[in-house]
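Step one of this worksheet: look at the structure below.
The values are calculated or read from the model by the stated rules, or taken from the named source; none is laboratory data. Keep in mind that this is a model prediction, so the values were computed, not measured. Ideal geometry is used to build each Cβ from the backbone, glycine not excepted, and the neighbour counts take in all protein chains shown.
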Amino acid sequence: MKNKEKWRPSKFVYRDGALLGSRDTREVGAASRLMADAVARAYDQHLRTYAAGRLLDLGCGQVPFFQAYKELVSDNVCVDWSSSLHKNEFVDHECDLTQPLPFESGAFNTIILSDVLEHIAEPEKLWHEMARVLALEGNLILNVPFFYWLHERPHDYYRYTEHAIRRFAAGCGLSVVHLSAIGGAPEIVADIVSKNAMRVPRIGHGLAKAVQWTVGTFVNTKLGRKVSVETSADFPFGYFCVARKSLNPT
């Protein structure tokens, strides 16, 4: 990664030893905190198990997970689309993720693809390229939204079920070693209500924060966790997946 010395936490920050979404609204909107927290928790938990060696951060943005994985890997290479307006000073390679990746086969032990797959118009191509550049026993770590609003228009193309993710992985010779829903019905309802509350003049921001805080507090209770987990099978907020490149994929 270029300019590591200039890197600062952005979308995700550590607070009391846990990785969470930033409360800076320039990084994470007030109506998106539950999603950001859920994604952060999934990466914080699983990076320690599955991140190692040389890491490729695809669609890296401001490299929000760098603090979470930097001590776990030997090197990180950052890739993102080119931008003529705001150059990303951390990007090593600017390229179109719908085209072949500019790396040798088996070059990376870990790949991160966070909140990117829904923006890829031809996802099968990227899956095959990721499988190609992964080393044997290397891990692809990704998350995708499901019940979530349209964003980064017009480049928001798909929402994926767990069955689609398994199919993509199998189609390029990867084995799914972990796949779980991120959040359930309470988080979805809070997300919809708070994002629409933001439209209310003057008090919308405060309403959104209140909704997110209230539901966040609820899902941290025993009952709230139970409701979230039990509804996530039919109403997933999103998905988190780890897929591995093995000699004998299953």
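Results for (1) assigned to a helix (DSSP H, G or I); (2) buried (at least 16 other Cβ atoms within 10 Å of the Cβ), shown as yes or no for each residue.
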| residue | (1), (2) |
| --- | --- |
| TYR148 | no, yes |
| TYR157 | no, no |
| ARG202 | no, no |
| GLY216 | yes, yes |
| LYS226 | yes, no |
| VAL242 | no, yes |
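Given the condition more than 15 Å from ALA36 (Cα to Cα), among the small types (Gly, Ala, Ser) and in contact with a helix residue (DSSP H, G or I) (Cβ under 8 Å, 6 or more places away or on another chain), answer yes or no: does some residue in the stretch 132-153 qualify? Checking the stretch 132-153: not a single residue is more than 15 Å from ALA36 (Cα to Cα), among the small types (Gly, Ala, Ser) and in contact with a helix residue (DSSP H, G or I) (Cβ under 8 Å, 6 or more places away or on another chain). Among the residues of the stretch 59-93, just one is surrounded by 14 or more Cβ atoms within 10 Å (Cβ to Cβ), among the charged types (D, E, K, R) and outside any loop (DSSP other than H, G, I, E, B), namely ASP80.
For ALA169, state whether it is over 20 Å from ARG41 (Cα atoms), buried (at least 22 other Cβ atoms within 10 Å of the Cβ), modelled with pLDDT of 95 or more and of a type outside the set (Val, Ile, Thr). Against the criterion (over 20 Å from ARG41 (Cα atoms), buried (at least 22 other Cβ atoms within 10 Å of the Cβ), modelled with pLDDT of 95 or more and of a type outside the set (Val, Ile, Thr)), ALA169 qualifies.
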